[in-house]
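Only one structure is covered here, and it is reproduced in the block below.
The values are calculated or read from the model by the stated rules, or taken from the named source; none is laboratory data. Model, not experiment: these values are computed from the prediction. With ideal geometry, Cβ positions are generated from the backbone for all residues, glycine too; neighbour counts draw on all protein chains shown. When the accessible area is computed, the model is the full protein with side chains, heavy atoms only, and any ligands, DNA or RNA have been set aside. Shrake-Rupley method; radii C 1.70, N 1.55, O 1.52, S 1.80 Å.
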Amino acid sequence: MSSAKPRSRTPTRAAWRLGLAIVALLVLAMLYGLASPGLSGHGELPTNRSLRIGITQEFESLNPLIAQMSATFYLYNMVNRTLVTVDENTEFKTQLAVQMPTLENGLARFVEIDGVRKLEADWEILPGATWGDGVPVTCRDLELSWEVAQSPHVSIASVELYREVERIQIDPENPKRCTFLYREPKRLFNRQFQFYLLPAHLERPVFEKYGDQPEGYEKHTLYTTDPTNPGLYHGPYRIREVKLGSHVAFERNPTFYGEPPHIDRIVVVLIPNTGTLEANLRSGSIDMVSTLGMSFDQALAFARRVEAEGLPFNVNFRPSMMYEHIDLDLDEPVLQDVRVRRALVHAIDRQRLTDALFEGEQPPALHFVSPADRWYTEDSEKLVIYEPSRRRAASLLEEAGWTLRDDGFRYDAEGNRLRLRLSTTAGNKMREIVLVYLQDQWRAIGIDARIQNEPARSFFGQATRKRLFDGAAMYAWTQSPEFSPRSTLHSADIPAEENGWSGQNSPGWANPRVDRLIDELEAEFDADRRLEVIHEIMWHYTSDVPVIPLYYRSNTSVTPANMTGYRLTATQVSATDHVERWSLEPVQAPPPRETRP
Amino acid sequence: MTGFILRRLAQTVVVIALLSFFCYFLMTLMPGDPIDEMVAANPNMTAEDAQRLRELHGLDQPTYKRYWSWVTMIAGGDLGYSRTYRVPVSEILGRSLLNTSLLAGTALVLSLLVAVPLGVWAALRKGSRVDYFVNLFAFAGISVPSFWIAIVLILVFAVYIPIFPAGGTSSIDFGMTPGEAIIDRARHLVLPVLSLSFLSIGTFVRYTRAAMIDALSNDYIRTARAKGLSWERVLVVHGFRNALIPLITIVTLSFSTLFSGAIITETVFAYDGVGRLVFLSIQRNDFNVAMVAFMISVSWVLLMNFAADLLYGLADPRITYS
């Protein structure tokens, strides 16, 4: 039955129409009232009055000892500093310390205590360094960090760095001076850029009150309960407002000891969807995208649009210390033969891969040391270099007993096909494309390579961590300059139940000579000898091929075209570590047009 | 009536308790724990570090013990500590919950304001051009992915015609008066609300239209008309009131999607809401945040079902609670 409304009842129809028209008008009026083009800042270049930075990764409470996320440290570098740092040229330099102690300058020395050889180093904090409330930064702040880090009730991921220090002796005459006694003489004692400071005058009472309760200090630290307290910060900026999951607003710290920053106010805004970063930039909602923003392929695409449309942005690329590679499971019977592993490397053309996919912005890798590191070498006398050659790859496979059959695949004497399982993090578009390329290259030499990707959670949580990837797993390691490769290459760091699945030697590479070299590298104070040691490790690494090096990932960021003083970094110390040098230059107004009288 | 309410409340508490254990148990089945995540992210962590943290967080205990610790903590009024954000759960969840309620509540009201008249209109004009147009609009709303609508809205109203902000919950400007702050907040709501409403409008229109057509086809409508009642009275009192039953069901169930339904909209518009928070906490094994959010969501669903049962009685006097 149809609805039986008689057409003659025009007053009802009119009432309906009137009602709808009123609703529509109200909605339109509301939208019009709320719409205000002037507020969006569309098309305007930012000035030194304020800068809005987009970031896609979540951040947490800014207590540096407890924090884990990269985004938190991106923010942290704006408000606090450490004794030493790695600058934008990947050089170690002092930041809060007056001088870096070394054996050569006499500020560090070997000592023997109870028959054990140890190391002592004298540190001095810059005389002008104060917290935001005017209290001087002293060794008491270092001492508190050292105590908090070693508390069994505080959830700190890695305490090794702090545990290496056996004692901190503060000069009673000048608390800005102190002597660290290190348990073992290790060469990196003066390069610990992750030894953070806590303001003892504010945080010690909290630690003393709650430090003996499980997670008590974390819950009550002022970085959580009073994050805008100026006394928590001694860097160029201090925090005006924090809304976790949304944004952090920074303002200049008037008590900063160094060069005053140029920009008055910085706001870091969380934009979790990378797909909308460009729209936010174009609409003026943000002025800049941090390193923790666009994916590499998005940055490449945006760089092309910036050039084509003349947009007022610079898209920055810099090869970083992130090493993209393929771990080979050395327990896998097929991969136990080094000839097969070498054949896999010979079969791929990494230069062509990076040119085709990354437009040359991510350099091909020969080994685990990044070109940004002074230990980097391409010297064929120090490395085994595998030129791309399918013929050489095929010959190695033949030698290993894998013969080519009519179906295009290789088989062993028992008729088993040469199969290889490849995996990476599902949903990472760039890695998935690279794996397809590699599958094609290896297929060409008769290897039946099958891709079986997994979500990042199970890939990192189970497959690589517990060595369950059964074949080849593609992912990246992040490294620091001149750091020991112990966690990724030492046999004691092969994840196993006995060691609680810790360590990152996922291939399961055990080379006694390399183990000894790593031990020597960590204890060696002679820079030239260290170089020899690391090069020998690199030779074994490239000779044994436990890992297939692919490329070094590039960091990317987008900055306003009028920004100066900014330099993208190669390490995990972000560009905010020199935020005080960033400046937004005024844009010259175009000359007035000549008008005819 | 009182007996019915008390009985349903008791059932609700039992269901919440059972579901809390079920959810907790399911979370422990997921691969990895919060410490695994830290180990994967930090190459310097040693086996001793991992063991120390497992003991500190009680992760070395069996599931039932951990669940009991969590229950006693909640019963004591402590929602726990977020291991993702490193702050108490109440601090981060409270604000996000309010933001999501505002977003989803506004979207729901707007959807009802638009969808119910459109659905009734289409039912009255069944088979007409108006009906086809409304149906087309409704199907578009149901079938177009919400992230696509969100991105189109951003491109049109924030990039090409820049009249609304592309994202965020509010502007970060410390010089705003309270009035300006309210307008600013409303401006940030416009695009997410439109995006979220688009799907709901389509769904509500279809339900309203179908329910109205069904109600208007009953004999009592003809009888009411034959008795000489005005068309408006027949439509509202006899037609629309009877069409309310399915509408109440769909609207009350829609309330329960306050937490999960807005996740895509919140992510695309960088809106500081609870959907995104819950998603992240599950991804990162942040048990405390995820469990509290689950419990709020479960309670909300049960409460809304309960409300629907009560509303049925109000809409239809034939329904009794004896």
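Tell me, which strands (runs of 3 or more DSSP E) wholly within region A:61-180 include 1 or more residues that are out of contact with any helix residue (DSSP H, G or I) (no Cβ under 9 Å at 6 or more places or on another chain) and either free of Cβ contacts under 8 Å to residues at least 12 places away in the same chain or more than 14 Å from every other protein chain (Cβ to nearest Cβ) (or both)? Can you show your working first?
On the way: elements: A:84-86, A:92-94, A:108-113, A:116-124, A:165-170.
Here the list reads A:92-94, A:108-113, A:116-124, A:165-170.
The rows are residues; the columns are (1) open to solvent by 60 Å² or more (accessible area, probe 1.4 Å); (2) in contact with a helix residue (DSSP H, G or I) (Cβ under 6 Å, 6 or more places away or on another chain).
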position: A:496; (1), (2): no, no
position: A:503; (1), (2): no, yes
position: A:509; (1), (2): no, no
position: A:514; (1), (2): no, yes
position: A:519; (1), (2): yes, no
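Matching residues to (1) within 14 Å of chain B (Cβ to nearest Cβ); (2) open to solvent by 10 Å² or more (accessible area, probe 1.4 Å):
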site: A:200; (1), (2): no, yes
site: A:205; (1), (2): no, yes
site: A:218; (1), (2): yes, no
site: A:230; (1), (2): no, yes
site: A:239; (1), (2): yes, no
site: A:243; (1), (2): yes, yes
site: A:286; (1), (2): yes, no
site: A:294; (1), (2): no, yes
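Contact annotation: residue pairs with Cβ atoms under 8 Å, 6 or more positions apart or on different chains, pairing a residue in region A:420-431 that is within 8 Å of residue A:453 (Cβ to Cβ) and free of Cβ contacts under 8 Å to residues at least 40 places away in the same chain with a partner that is aromatic (Phe, Trp, Tyr) and surrounded by 21 or more Cβ atoms within 10 Å (Cβ to Cβ), are A:426/A:459.
Which of the numbered conditions does residue B:12 fail, given that it passes all the others? Conditions: (1) surrounded by 18 or more Cβ atoms within 10 Å (Cβ to Cβ); (2) in contact with a helix residue (DSSP H, G or I) (Cβ under 7 Å, 6 or more places away or on another chain). So the condition that residue B:12 fails would be (1). Take residue B:182 and tell me if it is part of a helix (DSSP H, G or I), at pLDDT below 90 and open to solvent by 20 Å² or more (accessible area, probe 1.4 Å). Spelling it out, it is not the case that residue B:182 is part of a helix (DSSP H, G or I), at pLDDT below 90 and open to solvent by 20 Å² or more (accessible area, probe 1.4 Å). Residue B:37 meets the conditions (1) within 19 Å of residue B:83 (Cβ to Cβ); (2) at pLDDT 75 or above; (3) of a type in the set (D, E, K, R) in every case but one. The failed one is (2).
Residue B:249 fulfils the conditions (1) within 30 Å of residue B:91 (Cα to Cα); (2) in contact (Cβ under 8 Å) with a residue 24 or more places away in the chain; (3) of a type outside the set (Asp, Glu) except for a single criterion, (1).
Yes/no matrix, rows are residues, columns are (1) surrounded by 19 or more Cβ atoms within 10 Å (Cβ to Cβ); (2) of a type in the set (A, V, I, L, M, F, W, C):
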| residue | (1), (2) |
| --- | --- |
| A:67 | yes, yes |
| A:75 | yes, yes |
| A:92 | no, yes |
| A:140 | yes, no |
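Within region B:78-94, residues that are free of Cβ contacts under 8 Å to residues at least 60 places away in the same chain reach partners that are in a strand (DSSP E or B) with beta carbons closer than 6 Å, at six or more positions or on different chains, in the pairs B:88/B:81.
Just checking, how many residues over region A:68-83 are closer than 26 Å to residue A:121 by Cβ and either acidic (Asp, Glu) or out of contact with any strand residue (DSSP E or B) (no Cβ under 8 Å at 6 or more places or on another chain) (or both)?
At the first step, the residues of region A:68-83 found to be closer than 26 Å to residue A:121 by Cβ are A:73, A:76-77, A:80-83.
So of that shortlist, the ones also either acidic (Asp, Glu) or out of contact with any strand residue (DSSP E or B) (no Cβ under 8 Å at 6 or more places or on another chain) (or both) come out as A:73, A:76-77, A:80-82.
The qualifying residues number 6.
Only one of B:215, B:166, B:140 is touching a helix residue (DSSP H, G or I) at 6+ places or on another chain (Cβ under 9 Å), of a type in the set (Gly, Ala, Ser) and open to solvent by 30 Å² or more (accessible area, probe 1.4 Å); which? First the steps, then the outcome.
Working: B:215 fails: open to solvent by 30 Å² or more (accessible area, probe 1.4 Å); B:166 fails: open to solvent by 30 Å² or more (accessible area, probe 1.4 Å).
Of the residues listed, the single one that is touching a helix residue (DSSP H, G or I) at 6+ places or on another chain (Cβ under 9 Å), of a type in the set (Gly, Ala, Ser) and open to solvent by 30 Å² or more (accessible area, probe 1.4 Å) is B:140.
You will find that of A:475, A:552, A:541, the residue that is hydroxyl-bearing (Ser, Thr, Tyr), in a helix (DSSP H, G or I) and surrounded by 21 or more Cβ atoms within 10 Å (Cβ to Cβ) is A:541 and no other.
Scan (1) under 18 Å from residue A:75 (Cβ atoms); (2) open to solvent by 20 Å² or more (accessible area, probe 1.4 Å); (3) assigned to a helix (DSSP H, G or I) for the single condition residue A:576 breaks and write down its number. Tallying (1) under 18 Å from residue A:75 (Cβ atoms); (2) open to solvent by 20 Å² or more (accessible area, probe 1.4 Å); (3) assigned to a helix (DSSP H, G or I), residue A:576 fails exactly one: (2). Looking at region A:214-231, is at least one residue in contact with a His (Cβ under 6 Å, 6 or more places away or on another chain) and outside any helix (DSSP H, G or I)? Yes - at least one qualifying residue is present in region A:214-231. All of A:444, A:413 fail the test of being free of Cβ contacts under 8 Å to residues at least 40 places away in the same chain and open to solvent by 50 Å² or more (accessible area, probe 1.4 Å), apart from A:413. Does region A:355-408 hold any residues that are open to solvent by less than 20 Å² (accessible area, probe 1.4 Å), over 23 Å from residue A:483 (Cα atoms) and at pLDDT below 95, and which are they? If the condition is that a residue be open to solvent by less than 20 Å² (accessible area, probe 1.4 Å), over 23 Å from residue A:483 (Cα atoms) and at pLDDT below 95, then A:358 is the only one that fits. Which residue is farthest from the other protein chains (Cβ to nearest Cβ), if the candidates are limited to region B:113-143 and must be over 25 Å from the mean Cα position of the chain (by Cα) and of a type in the set (Phe, Trp, Tyr)? Looking at residues that are over 25 Å from the mean Cα position of the chain (by Cα) and of a type in the set (Phe, Trp, Tyr), I get B:132.
Only one of B:241, B:209 is closer than 30 Å to residue B:137 by Cβ and surrounded by fewer than 20 Cβ atoms within 10 Å (Cβ to Cβ). Can you tell me which?
B:241
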